[in-house]
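Take a look at the structure set out below.
The values are calculated or read from the model by the stated rules, or taken from the named source; none is laboratory data. The model shown is predicted, which means the values in this text are computed figures rather than measured ones. With ideal geometry, Cβ positions are generated from the backbone for all residues, glycine too; neighbour counts draw on all protein chains shown. Keep in mind that these areas ignore ligands, DNA and RNA; they rest on the heavy atoms of the full protein, side chains included. Shrake-Rupley method; radii C 1.70, N 1.55, O 1.52, S 1.80 Å.
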Amino acid sequence: DPNRGIQLSFYNKNTTICQLDVTKAVQKCQDTKLKVFNSCKKGALKGKGGAAVESALQLQDTCLGSGTDPMPDPKRRIAKACEDKLGDTITKKCVKPEGVDLARAFPGFDPNDNLLDYIDHRVECQVCLALNAADGLSRDCDLFDDGDANFTCGLGP
């Protein structure tokens, strides 16, 4: 094997653990956001908590938030999965261990920024795009992901 004995300068055990554990936490965060939306949708279509929603726009505003407002999270399920657990994973597996170069572990990430926010903005984008496609919504995902019309998520609605 011609590559035997060659060590990759960017590889280290702590970086790999960081990437794997963050990936698992991100998947749980994304799944939680989708579950919270679907739970809200189920209640909104039945009229729980008020009049039943009658349009995709009403559903979008009720369960995906309106404008730059985040998704409703009355039971803090999203906060627990996407802030608390993901944040703890980043701290314990990526920040505290030695040798983890966050810019290499997460291409495109500026180490002067907040990694949790960076990842959450990408999750928000994907969740928004998926829900727009699945439920016929027209939420501006570029605003939804980080509150700015800055072309970080597709081309908008």
* Where q = 0.12, 0.13, 0.16 Å⁻¹, what log10 of I(q)/I(0) comes from the Debye formula for region 33-87, counting one point per Cα? -> -0.28, -0.33, -0.48
* Where the accessible area of region 32-91 is counted over protein heavy atoms with a 1.4 Å probe, how much of it, in %, is carbon and sulfur? -> 51 percent
* Asked: Which is the longest run of the chain containing none of the trypsin sites (Lys or Arg not before Pro) found in DSSP loop states (not H, G, I, E, B) with at most 11 other C-beta atoms within 10 Å?
  -> 77-157
* Structure fact -> With a Förster distance of 25 angstrom and the Cβ-Cβ distance between D69 and N14, calculated FRET efficiency to the nearest 0.05 equals 0.10
* **Loop-exposed chymotrypsin sites (Phe, Trp or Tyr not before Pro) per DSSP, neighbour cap 13 Cβ within 10 angstrom, longest uninterrupted part of the chain** => 12-150
* Positive-end residue of C94, F151, H121, charge dipole of region 22-157 with Cβ unit charges -> C94
* Alpha-carbon Debye profile of region 97-157, log10 I(q)/I(0) at 0.13, 0.19, 0.25, 0.27 Å⁻¹ -> -0.40, -0.70, -0.97, -1.06
* **Probe 1.4 Å, accessible area per residue of region 71-157, Å²** => 57 Å²
* How about region 57-149: which GluC sites (Glu not before Pro) there lie in a loop by DSSP and see at most 15 other Cβ atoms within 10 Å? -> E98
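Which value, in Å³ per residue, describes the convex hull spanned by the Cα atoms of the chain?
133 Å³
Only helical DSSP H runs with n ≥ 4 go in: add -39500 (n - 2.57) per run for the chain, normalise by residue count and round the 222 nm mean residue ellipticity to 500 deg cm²/dmol.
The helix contribution divided over the chain gives -15500 deg cm²/dmol.
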